[in-house]
1. What are the residues in the range 290-337 that are of a type in the set (Gly, Ala, Ser) and assigned to a helix (DSSP H, G or I), if any?
2. Residues to consider are 153, 163; find the one that is at pLDDT 95 or above and either farther than 30 Å from residue 83 by Cα or touching a Ser or Thr at 6+ places or on another chain (Cβ under 7 Å) (or both).
3. Show me the strands (runs of 3 or more DSSP E) entirely contained within the range 26-112 in which 2 or more residues are not aliphatic (A, V, I, L, M).
4. Looking only at residues that are of a type in the set (D, E, K, R) and under 16 Å from residue 239 (Cα atoms) in the range 148-179, which one is surrounded by the fewest Cβ atoms within 10 Å (Cβ to Cβ)?
5. Among what's in the range 32-87 and is polar (S, T, N, Q) and at pLDDT below 95, pick the residue that is farthest from residue 20 (Cα to Cα).
6. Do you know which residues across the range 47-64 are more than 24 Å from residue 81 (Cβ to Cβ) and surrounded by 15 or more Cβ atoms within 10 Å (Cβ to Cβ)?
7. Checking residue 281 against (1) assigned to a helix (DSSP H, G or I); (2) crowded, with 18+ Cβ neighbours inside 10 Å; (3) at pLDDT 90 or above, which single condition isn't satisfied?
8. Identify, from the list 101, 62, 115, the residue that is among the hydroxyl-bearing types (Ser, Thr, Tyr), out of contact with any Asp or Glu (no Cβ under 6 Å at 6 or more places or on another chain), in the same structural domain as residue 15 (by TED's automatic domain parsing) and closer than 25 Å to residue 282 by Cα.
Amino acid sequence: MKVLFLGGTGTISTSCVAEAIEQGLDVYVLNRGQSKRRPIAAGAKVILGDAYSDEDLLNAISAHGIEVVADFLCFDGQAAKRMVRLLAGKVKQYVFIGTASSYQKPIHKHPITESSPLSPTGLSHYSQLKIDAEGVFNSAYVNDQFPVTTVRPSHTYDDARPPLIGDWTNWDRVLKGKPVFISGDGTNLWTVTHAEDFAVGFVGLLGNWPAIGEDFHITSQESPTWEEIYANIGMATGVTPKVLKLTGEQIKKVMPDWFWADQILGDLSHTAIFDNTKIKKFVPRFNPKITWVEGARRLHSWHQKNHSQLVIDAEVSAIFDRISDAHSRIAQSLESF
């Protein structure tokens, strides 16, 4: 089976490409060849081109007889309409990567299943755009039999990118003893999933024709608290993180235009525990194995080998400092009572 990945070098897609090759699929990757952090897995056939170019995309599909497209680059309703227009009648399956952050917050019933409601109210702009895209694909499936399968990752990481706001900039602050922050009191449960585990479920859906018209989240069954997430980083690195606690509303007030402020308020501040019964039914071999304890160790090992190549984002670090200053002012105000 011939599968075309749009992207293929990202946090999630790199592991999916490698797993697809491991499972014997004929794998093609269409991208511009600009990734430096993650090499494309050996065995993938690289097509240099722009996935946002209609001509490049259609040429890749027709020239190589592509049957399945796995799209990691579709982020909103307009992009979804483009995919429907270009690919209808040309592929047997199109896999859209949505997001588990699209589920209604707060969640009124745990664990979250695929039948849990999606609601843009109160969610981040990113989540709202993904919901818009899902709506386009669902309509195309119902009305025109467009062969879409929707996958919703939760907070997924790999060895080259930690599941933290600010990426390696946040990790670097921990190592330097600078304050980092969590939203709330740090006791909400948060599901973090290693990309290698995610990839097993994802690849099992490729060419899985009964999965057409279905939606799936693919997550770990482990849900540590945010306090535990940072505690395990401390154990892996040998540096105890200096963790500050603020509400999502306080963070939003300090940095109202920051991309992550909406994500914190609409998603990361809530507990998120997922039921993976459905993906296991369609892909029986899916069985997440990488714990966060192991994941933190792997991240630390990758950082030790590659830290000299990383660029620490001074702007993000300055935002962290600003939030830290706000925390100090709040603490001083409380002490005056």
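The values are calculated or read from the model by the stated rules, or taken from the named source; none is laboratory data. On a predicted model such as this, the values are computed, not experimentally measured, just so you know. Every residue, glycine as well, gets a Cβ built from its backbone with ideal geometry; the counts of neighbours run over all protein chains shown.
1. 295, 296, 301, 308, 314, 317, 318, 324, 326, 328, 331, 333
2. 153
3. 26-31, 93-97
4. Initial filter on the range 148-179 (of a type in the set (D, E, K, R)): 152, 158-159, 161, 167, 172-173, 176, 178.
Those still in the list that are under 16 Å from residue 239 (Cα atoms) too: 172-173, 176, 178.
Values: 172: 17, 173: 23, 176: 11, 178: 15.
If we take residues in the range 148-179 being of a type in the set (D, E, K, R) and under 16 Å from residue 239 (Cα atoms), then 176 is surrounded by the fewest Cβ atoms within 10 Å (Cβ to Cβ).
5. 34
6. Here is the first cut: in the range 47-64, the ones more than 24 Å from residue 81 (Cβ to Cβ) are 48, 63-64.
Residue satisfying the conditions is 64 alone.
7. Just one mismatch for residue 281, condition (2).
8. 115
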